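This report refers to the structure that appears directly beneath it.
Each value in this text was obtained by applying a stated rule to the coordinates, not by laboratory testing. In this text the structure is predicted, and so the values were computed from the model without any measurement. With ideal geometry, Cβ positions are generated from the backbone for all residues, glycine too; neighbour counts draw on all protein chains shown.
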Amino acid sequence: MSKIGIWEQAEPGVTRKILNAGDSLMMMEVHFEAGAVGNMHSHPHEQMTYCLRGSFDFTIDGVVHRLRAGETIDIPGGAAHGVKALEPGALLDAFTPLREDLLYGTAASAYAKEDRS
């Protein structure tokens, strides 16, 4: 069973909901409390993120990028990345191909490799 339309806790202070998924593209909304962190991780999927509100510092392959409401950032497949909310905010993520680990709750799959160090 897919997780489309279901809000879930992703990290402390971070909730997400998959909005929709097609054959090879999916969208997800992610809400952050101020100071919340999306841990560094990588996956083979290309990711495009649009900032709905707030401001964020994204680290992509060791380089920090500031993202503000109305701006987008592209995260290449395989890039190590993480994010910190500088204030309460929300992001809209699009992934291609589908993130089956997120859609079906298989977080231990090869698609999501988190760096917890």
Could you work out the helix-only [θ] at 222 nm for the chain, with each DSSP H run of four or more residues adding -39,500 (n - 2.57) and the total divided by the number of residues, to the nearest 500 deg cm²/dmol?
-1000 deg cm²/dmol
Per the rule of 0.36 nm per residue minus the C-alpha distance, extending residue 74 to residue 39 adds in nm 10.9 nm
Kindly provide the chymotrypsin sites (Phe, Trp or Tyr not before Pro) of the stretch 5-66 that DSSP labels as loop, not H, G, I, E or B, and whose Cβ sees at most 14 other Cβ atoms within 10 Å.
7
So what's the convex hull volume per residue for the Cα atoms of the chain, in Å³?
94 Å³
Mind listing the phi-derived Karplus ³J(HN,Hα) values for the stretch 45-55, rounded to whole Hz, using 6.51, -1.76 and 1.60 with θ = phi - 60°, and x for any glycine or proline?
7, 6, 10, 10, 10, 10, 8, 6, 7, x, 9
The set of residues whose placed amide H lies less than 5 Å from the amide H of residue 79, leaving out same-chain residues fewer than 5 positions away, is 43
